[in-house]
1. Near the amide H of Val231, under 5 Å away, which other amide H atoms are found, from residues 5 or more places off or on another chain, if H is placed in the peptide plane?
2. Per-residue HN-Hα couplings for the range 278-289, Karplus 6.51 cos²θ - 1.76 cosθ + 1.60 at θ = phi - 60°, whole Hz, x for Gly and Pro?
3. Length gain on complete extension for the stretch His184 to Lys144, per 0.36 nm per residue less the alpha carbon to alpha carbon distance?
4. Per residue and in Å³, how big is the convex hull formed by the alpha-carbon atoms of the chain?
5. Show me, for the range 192-209, the HN-Hα J-couplings you get by feeding each phi into the Karplus relation (A = 6.51, B = -1.76, C = 1.60, θ = phi - 60°), rounded to Hz, glycine and proline as x.
6. Through the Karplus equation 6.51 cos²θ - 1.76 cosθ + 1.60, θ set to phi - 60°, convert the phi angles of the range 244-260 into ³J(HN,Hα) values in whole Hz; use x for Gly and Pro.
7. Please report the antiparallel percentage of the DSSP beta bridges confined to the chain, to the nearest 5.
8. Between their Cα atoms, which of Lys141/Lys265; Lys195/Lys265; Lys324/Lys376; Lys151/Lys362; Lys265/Lys362 are more than 22 Å away from each other?
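The values are calculated or read from the model by the stated rules, or taken from the named source; none is laboratory data. A quick note: this is a predicted structure, and the numbers were derived from the prediction, not measured. Please note that ligands, DNA and RNA were not included when accessible areas were found on the heavy atoms of the full protein model with its side chains. Shrake-Rupley method; radii C 1.70, N 1.55, O 1.52, S 1.80 Å.
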Amino acid sequence: MDGRNPCGSGGTLHFETAPLKIVRAEKQFMTDNFGIQYLDCVSNVAHVGHCHPHVVAAGKNQMATLVSAQGFMNDALTKYVKQLVNKLPDVLSICYLVNSGSEANDLALRLARAYTNRKDVVVFDDAYHGNLGNLIDISPKMFKQMPLGKKEFVHVIPCPDTYRGIYREDDVRAAEKYVKEAEHIIHQASRSNRKIACFVSESIVVNCGVIVPPRNYFRLLYNLIHEIGGVCIADEVQTGLGRTGEYFWAFEHYGVIPDIVCIGKPLGNGHPMGAVITTREIADSLGEYYSTFGGNPVACAIGMAVLDVIENEKLVQSAKAVGKTLLENLQQLRLNHRVIGDVRGIGLCIGVEIVEHKTSRKPATALAQTIIYKLKEEHHILVQVQGPGRNVICITPPMCFTQTNARSLFNALDAVLSSLAHSNTEGIIDIASNIVVPHPRSVLSMEDLENMSEELEGPEAKKARTSYDDID
């Protein structure tokens with residue numbers, strides 16, 4: 001080995017300059033190979049908390065009983081599908097189980113095209129919907145980097161970003177105007193004899209920088225898509241299963257019902273799972289469909305355990321309450337720091353936009369990177385950046401994130417911004433030269449970590465561990 005990342009040239013790591021090697025995780029905490037514990041505000045994959053004992057036990061027990069039953073009847077599959085479908089509007093009654101959010105979005109695209117007998121797709125600018133070939137084709141974030149660029153069957157409409165988009169927060173008709181922009185592009189396609197099969201979007205547009213569309217935007221745009229004979233696909237891979245609080249699905253905040261819903265990472269709490277739920281009419285257009293591993297007994301057992309935890313631990317209600325407090329405190333922080341241009345989000349899906357100046361709203365990409373590194377190095381808190389300018393601090397923690405965790409994040413961010421405001425470099429530091437490297441003796445084995453003394457763990461971690469033990 002030559003020491004380089006073996007994951008291919010396209011492989012990326014959080015904190016590329018000083019990446020973490022994570023060796024264990026529990027609830028909303030991750031521990032690296034130096035024994036340092038971090039508050040995880042990144043891992044929306046670990047939806048109900050890292051290594052939740054109820055989820056782990058369900059997978060372990062099922063794996064010891066029956067792993068694969070493809071082509072045979074199995075109670076776990078029937079029970080899980082019924083439990084999942086019951087979380088959706090009645091019209092969405094047919095469920096396909098797959099292995100990832102990308103596979104779910106790919107199948108949704110296939111369903112839409114089969115049902116409409118059309119190929120063309122409408123997407124937001126800078127959107128991302130997965131890493132399969134068909135999805136790269138409809139993801140501007142990706143195809144903008146490709147030699148062939150945009151395919152003729154893809155129609156890109158403005159993301160309804162009311163902070164830095166063409167229509168902003170002071171425009172009471174922003175939703176209508178953004179839909180008019182979309183209508184203009186769709187009519188241009190129609191004049192070129194292009195017929196729209198579907199509109200695909202995240203309900204909260206996380207990959208574009210946690211964009212929260214105006215309240216009636218999706219209702220108006222869904223109506224437009226339906227009028228021209230297309231279907232609407234809600235990509236709930238990052239926002240589903242209660243992350244936005246109050247509702248189980250982010251699309252419910254807008255009072256709309258998609259024709260197809262795609263789910264991914266939160267379903268399995270780290271186990272590879274995905275699902276597509278649609279109407280009977282759309283499903284009937286597809287014909288036969290097979291997935292060797294989708295809906296296997298282990299996945300179904302884990303999926304049911306995740307739904308149980310969401311219900312039993314009232315995580316949807318918690319996301320609403322904790323998210324509301326965090327959002328309000330961060331919005332107050334915005335008033336105190338000139339580099340915070342905007343704070344937006346719903347529940348535990350929040351974006352903090354870092355800018356060079358509030359008036360210009362110019363993305364401060366380097367400063368955002370400095371902030372997330374200082375949060376990691378000085379406060380042991382993990383966040384990431386999103387958006388086309390790589391300047392939106394994205395907060396999507398496990399759903400067990402608490403009010404105490406929210407205060408820790410708020411206080412740490414306030415401290416980092418205050419220290420940067422008083423620096424002579426206007427807040428931008430050389431990340432590579434400011435990384436703290438623990439003493440080599442601190443490199444621990446798994447056995448060391450299991451036996452490490454309590455002083456390595458803060459009171460929050462001890463409390464989290466205790467509550468986990470209490471669950472079972």
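1. Hits under the 5 Å cutoff: Cys198, Phe199.
2. After applying 6.51 cos²θ - 1.76 cosθ + 1.60, I find 8, 7, 4, 4, 5, 4, 5, 7, 7, x, 6, 9 Hz.
3. 12.2 nm
4. 164 Å³
5. Those phi angles translate into 8, 6, 9, 10, 7, 7, 7, 10, 10, 7, 6, 6, 10, 7, 5, 5, 8, x Hz.
6. Result, rounded to whole Hz: 7, x, 6, 10, 7, 10, 5, 5, 5, 5, 9, x, 10, 10, x, 7, 9.
7. Antiparallel bridges: around 65 percent, rounded to the nearest 5.
8. Working: Lys141/Lys265 20 Å; Lys195/Lys265 32 Å; Lys324/Lys376 24 Å; Lys151/Lys362 30 Å; Lys265/Lys362 32 Å.
Beyond 22 Å: Lys195/Lys265; Lys324/Lys376; Lys151/Lys362; Lys265/Lys362.
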